[in-house]
Structures are given as C-alpha cells and as structure tokens.
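Read through the structure below, which is laid out as structure tokens, and then see the notes.
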Amino acid sequence: MAKLSLPRALKILEEVDVAKREASDAHRLLRGRVIVGVLPTIAPYLLPAVLVDFAKEFPGVEIVVQEETTAQLLKLANVCEIDFAVASRPIHDQRMEVKDLFTEELRLALPPRHSLTRKRTVRLTDLEKEPFIVMKEGHCLGDQVLTFCERRDLKPTISFRSAQLETIQALVHSGVGISLVPAMAARNKRAGMPEYRSLVRPKPERKIVAIWPRQRPLSRAANVLLKQIAAKCKEL
C-alpha cells in the first residue's frame with residue numbers, strides 16, 4: 001500500500017474537518033463559537049453595533065474578539081486560532097483570502113485652539129514643525145502615518161508613541177502634539193477630544209480588509225458575521 005506524504009495527509013485532514021463543519025452547520029441552527037481577530041484601532045468603533053445585532057439574531061453563537069496587530073492576526077489566521085480577521089492592507093501572505101471592506105481617511109487630530117484649526121485648508125507642509133504622536137512600533141496605523149509623511153518628504157518629529165488610540169487622542173487634546181487618526185475614531189464626539197481636520201489631497205488613508213486562510217473556508221456562523229460586518233462597513 002502506498003504511503004501518504006505528510007502534506008497530502010494534512011490536506012485530507014483539513015478536508016475532513018471542513019466537511020464535518022459544513023455538515024454540522026447544514027443540519028442545525030447557528031450555534032457554537034466564532035473567533036474574530038481585529039485591529040485595536042477598529043474594534044471599539046466598528047464592532048459593538050454589529051455584535052449587538054448578531055447576538056439578537058443568533059443568541060446561540062458565542063463571539064470571541066481578539067485584538068492584535070495585522071502581523072499577529074496573520075499568524076493567528078495561519079494556525080487557525082481565529083476564524084477570520086479584520087485587518088489593514090498591505091497583505092502579502094498568499095495563503096490568505098482577502099476581501100476588501102472599505103477605504104478610510106486618516107484625519108488630522110489637533111489640540112483645541114491650535115493655530116491650524118483656524119485654517120480653511122491644511123496641507124502636509126503645514127505640519128513640518130509639529131510634534132507627532134503615533135502608534136508604537138509594530139502597529140500598522142503608526143507605520144501608515146509615517147510612510148505617508150516620508151513619501152511626501154516630511155520627516156515628522158515623534159514626541160510620543162502609544163499602543164492605544166484613545167491615549168493618543170487624549171495626548172493630542174492635552175496639547176503635546178498632533179496625530180493622524182482613523183475617521184471612525186474622529187466621529188466619536190465627546191468632551192476631551194481633539195479637533196479634527198482633513199488634509200488637502202492626496203489625503204492619507206488606510207484600506208481595511210477581511211482575511212482568512214484559503215485552505216479553511218469560513219463556517220456558516222463566521223460567514224454570516226462577516227457579511228454583517230461588511231454591511232456595516234458600507235455605512236462608513
């Protein structure tokens with residue numbers, strides 16, 4: 001009898017696992033667990049409304065939210081520790097299915113009464129002498145902000161770094177620097193928040209996608225949740 005190679009054996013096990021999950025989903029109402037990975041700069045602004053609606057429609061499904069950087073989400077997806085992830089381009093891993101969700105402007109966050117708040121239009125050159133507050137190394141938002149600046153010959157002076165977007169906005173409000181933050185975070189109007197302005201074109205932006213392993217199709221529950229997230233993204 002011919003021996004199976006290890007890659008072929010693993011492929012068969014994956015196919016059996018997929019078949020079992022599809023059969024299970026087809027013969028019962030949605031229940032079980034979905035583990036979704038998401039960037040911490042997205043989770044608090046996008047997921048709450050989606051998860052509330054999903055829980056009302058499918059109370060038997062437990063949702064686990066895991067917040068990580070894009071690099072870490074790719075690792076978790078590849079070892080099947082999450083069902084899918086909401087991450088940011090670029091995604092260079094060819095093992096991933098990638099579904100575009102939306103493109104989001106990065107808005108300029110300014111301290112209240114900052115001189116730039118009085119300008120009708122703000123250009124990148126207006127920021128040359130301003131101290132920047134950005135996400136810490138490894139967070140794609142911080143990399144995107146710095147890459148955008150460097151490609152346009154602006155070398156920002158970094159005054160603070162943080163792993164939390166809310167902390168960055170609080171620091172901006174206190175007057176110690178400026179930042180570029182996702183538009184969804186700028187919509188959250190409350191006391192103690194910065195002033196927000198759009199830069200003239202070309203505006204900084206990020207592209208948000210859903211990713212999951214090609215060899216592991218989404219379960220029915222995960223597919224429904226992703227569709228609801230995609231529908232919410234269209235509203236953005």
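Laboratory data are not the source of any read-out in this text; all were calculated from the coordinates shown. Owing to the predicted nature of the structure, the values given are computational and were not obtained by experimental measurement. Using ideal geometry, Cβ is built from the backbone for each residue, glycine included, and neighbour counts are taken over all protein chains shown.
Numerical summary
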quantity	calculated
Cβ-based net charge around residue 140, under 10 Å, with every Lys or Arg adding one and every Asp or Glu removing one	+1
Residue-by-residue Karplus 3J(HN,Hα) for region 221-234, coefficients 6.51, -1.76, 1.60, Hz, glycine and proline x	5, 5, 5, 5, 4, 5, 4, 5, 5, 4, 5, 5, 4, 5
Extension gain from residue 227 to residue 113, taking 0.36 nm per residue of separation minus the Cα-Cα distance	36.9 nm
Whole-angstrom gap from region 79-135 to region 33-48, using each part's C-alpha centre	17
Shape category assigned to region 104-206 from the gyration tensor of Cα positions, a/c cut at 1.5	rounded
Lysine-lysine proximity count for region 116-202, Cα under 23 Å, sequence distance 8 or more or distinct chains	5
For residue 205, distant residues with modelled amide H under 5 Å away	106
Percent antiparallel among DSSP beta bridges (both partners in region 104-206, rounded to 5)	55
Relative packing of 165-172, 197-204, which averages over residues the other C-beta atoms within 10 Å, highest first	165-172, 197-204
Extended-chain gain in nm, criterion 0.36 nm per residue less alpha-carbon gap, residue 128 and residue 161	10.1 nm
³J(HN,Hα) computed for each position of region 79-90 - Karplus, 6.51 cos²θ - 1.76 cosθ + 1.60, integer Hz, glycine/proline x	9, 6, 8, 10, 6, 7, 9, 9, 9, 10, 5, x
Listed values [x] 76, 43, 26; [y] 69, 46, 30; [z] 51, 37, 35, entry calculated as Cα extents along the principal axes in Å	[x]
Length gained when the stretch residue 236-residue 152 is fully extended (0.36 nm per residue, less Cα-Cα span)	27.5 nm
Net +/- balance of residues flanking residue 79 in space, Cβ distance below 12 Å, scoring K and R +1, D and E -1	+2
Most mobile of 226, 124, 110 in a GNM of the chain (Cα contacts under 10 Å)	124
